[in-house]
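A.B. asks: Attaching a single structure in structure tokens format; questions to follow.
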Amino acid sequence: MRVFVAGATGAVGRLLVPLLLDAGHQVTGTSRTPAGADRVRRLGASAAQVDVFDRDSLHEAVKEAAPDAVIHQLTDLAEANGEATNRLRGEGTRNLVDAATSAGVPRIVVQSISWAYAPGDEPADETDPLDLAAAEPRGRIAVGIQALEETAAEVGTAVSLRYGVLYGPGTWYEPGGPAAAALAGDPDAPFLGSVAADDSVNSFLHVADAARAAVAALDWPSGPVNIVDDEPAPGRAWVPVFAAARGLPAPEATSGRQSWARGASNRLARSRGWRPEHSTWRSGFVAQDAPVI
């Protein structure tokens, strides 16, 4: 299969490209910069230096690649810029889908999130509604996810991977990264998450498992799928483990939680054969130090 990876040099994309190549696919990966394009070529793939907001260049790049599938792994979170990521999910996805449909691409896989569900007491599954009525800025995130997934659905087969909170190399949770800085008390850490040891529940996902899910999704039917590990956890459970892994003191545990912070179930993904190799953050936080090419 010919696969066009938008965001091939991001935390997930740079692990995804080698997995696709190992599976026998022909890969074209995008980057906005010459250095990023060179990195894609070193991985063994073809490279397209293109900005997703440049519609004409993007259409030409997709047309030239003539892919059987597009995988959308674009984010803009290095500087914790939520507005930039929302723009990517909206305008960027619009441009990518238009380029894909213009080129006759029959399949798309997009990166979504698993923490945009409406409040509840149990881990959310894919039948639960998004939190579209939430106050800002959360409401804007949920609406952006709805737009991302509805736009992707214009392609014949569209799979929305609702990833858990990503950790591992290249993420906020890597050693020396923004999450550790925030936990250490740095008020300027570029981090949009929380390190409160409270009852708010997260579902985590190692970036390597995220990449494996994207490969598997090339054979899945349309629709959203939660891609999370096996252990949704409250902050009072995971924050001390993360702090210990980073050599930092754990904050004092507190009570209370955000009503929407419920975690997510991976039952559907497991029914399709996907299994997280990092089944829990308990061991994953300790083992996440492997370098990325």
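A.B. asks: Tell me, please, whether a residue that is over 16 Å from the mean Cα position of the chain (by Cα), more than 21 Å from Glu149 (Cα to Cα) and of a type in the set (Phe, Trp, Tyr) can be found in region 242-251.
C.D. replies: Yes, the conditions are met somewhere in region 242-251.
A.B. asks: Pick out the one residue from Ala37, Ala80 that is farther than 21 Å from Glu149 by Cα, touching a strand residue (DSSP E or B) at 6+ places or on another chain (Cβ under 8 Å) and open to solvent by less than 50 Å² (accessible area, probe 1.4 Å).
C.D. replies: Being farther than 21 Å from Glu149 by Cα, touching a strand residue (DSSP E or B) at 6+ places or on another chain (Cβ under 8 Å) and open to solvent by less than 50 Å² (accessible area, probe 1.4 Å) holds for just one of Ala37, Ala80, which is Ala37.
A.B. asks: Going residue by residue through region 168-176, is there one that turns out to be crowded, with 21+ Cβ neighbours inside 10 Å, at pLDDT 95 or above and over 30 Å from Pro251 (Cα atoms)?
C.D. replies: Checked region 168-176: no residue is crowded, with 21+ Cβ neighbours inside 10 Å, at pLDDT 95 or above and over 30 Å from Pro251 (Cα atoms).
A.B. asks: While we're looking at this one, here's another question. Going through Glu277, Glu252 one at a time, which residue ends up being closer than 20 Å to Gly168 by Cα, touching a residue at least 12 places away in the same chain (Cβ under 8 Å), among the acidic types (Asp, Glu) and open to solvent by 20 Å² or more (accessible area, probe 1.4 Å)?
C.D. replies: On inspection, the qualifying residue turns out to be Glu277.
A.B. asks: Has region 253-260 got at least one residue that is under 20 Å from Asp209 (Cα atoms), aromatic (Phe, Trp, Tyr) and in contact with an Asp or Glu (Cβ under 9 Å, 6 or more places away or on another chain)?
C.D. replies: Looking for residues that are under 20 Å from Asp209 (Cα atoms), aromatic (Phe, Trp, Tyr) and in contact with an Asp or Glu (Cβ under 9 Å, 6 or more places away or on another chain), one finds none in region 253-260, hence no.
A.B. asks: Also, quick follow-up: Only one of Asp121, Asp98, Asp128 is open to solvent by 30 Å² or more (accessible area, probe 1.4 Å), within 30 Å of Ala61 (Cα to Cα) and either more than 17 Å from the chain's Cα centre (by Cα) or not β-branched (Val, Ile, Thr) (or both); which?
C.D. replies: Just a single option satisfies the conditions, and that option is Asp98.
A.B. asks: For region 193-293, give me every one of the helices (runs of 4 or more DSSP H) that falls completely inside it and has 1 or more residues that are among the aromatic types (Phe, Trp, Tyr) and at pLDDT 95 or above.
C.D. replies: Qualifying helices (runs of 4 or more DSSP H): 235-245, 281-284.
A.B. asks: May I pose another question? Checking Val155 against (1) under 30 Å from Val27 (Cα atoms); (2) within 19 Å of the chain's Cα centre (by Cα); (3) surrounded by 15 or more Cβ atoms within 10 Å (Cβ to Cβ), which test does it fail?
C.D. replies: Of (1) under 30 Å from Val27 (Cα atoms); (2) within 19 Å of the chain's Cα centre (by Cα); (3) surrounded by 15 or more Cβ atoms within 10 Å (Cβ to Cβ), only one is false for Val155: (2).
A.B. asks: Here's another thing I want to ask about it. If Trp115 meets every condition in (1) open to solvent by 30 Å² or more (accessible area, probe 1.4 Å); (2) modelled with pLDDT under 95; (3) over 21 Å from Val5 (Cα atoms) apart from one, which number is that one?
C.D. replies: Going through (1) open to solvent by 30 Å² or more (accessible area, probe 1.4 Å); (2) modelled with pLDDT under 95; (3) over 21 Å from Val5 (Cα atoms) one by one, Trp115 breaks only (2).
A.B. asks: With respect to Ala179, determine if the residue is under 14 Å from Phe242 (Cα atoms), crowded, with 20+ Cβ neighbours inside 10 Å and out of contact with any strand residue (DSSP E or B) (no Cβ under 7 Å at 6 or more places or on another chain).
C.D. replies: Spelling it out, Ala179 is indeed under 14 Å from Phe242 (Cα atoms), crowded, with 20+ Cβ neighbours inside 10 Å and out of contact with any strand residue (DSSP E or B) (no Cβ under 7 Å at 6 or more places or on another chain).
A.B. asks: State whether one or more residues within region 226-247 are surrounded by 13 or more Cβ atoms within 10 Å (Cβ to Cβ), aliphatic (A, V, I, L, M) and farther than 17 Å from Tyr167 by Cα.
C.D. replies: no
A.B. asks: State whether one or more residues within region 126-138 are out of contact with any Gly (no Cβ under 7 Å at 6 or more places or on another chain), in a strand (DSSP E or B) and either in contact (Cβ under 8 Å) with a residue 12 or more places away in the chain or farther than 28 Å from Thr30 by Cα (or both).
C.D. replies: Yes, region 126-138 has at least one match.
The values are calculated or read from the model by the stated rules, or taken from the named source; none is laboratory data. Every value quoted in this text rests on a predicted model; they were computed, and no experiment measured them. Virtual Cβ from ideal backbone geometry, glycine too; neighbours counted across all protein chains shown. In case anyone asks, the SASA skips ligands and DNA or RNA and just uses the protein heavy atoms, side chains included. Shrake-Rupley method; radii C 1.70, N 1.55, O 1.52, S 1.80 Å.
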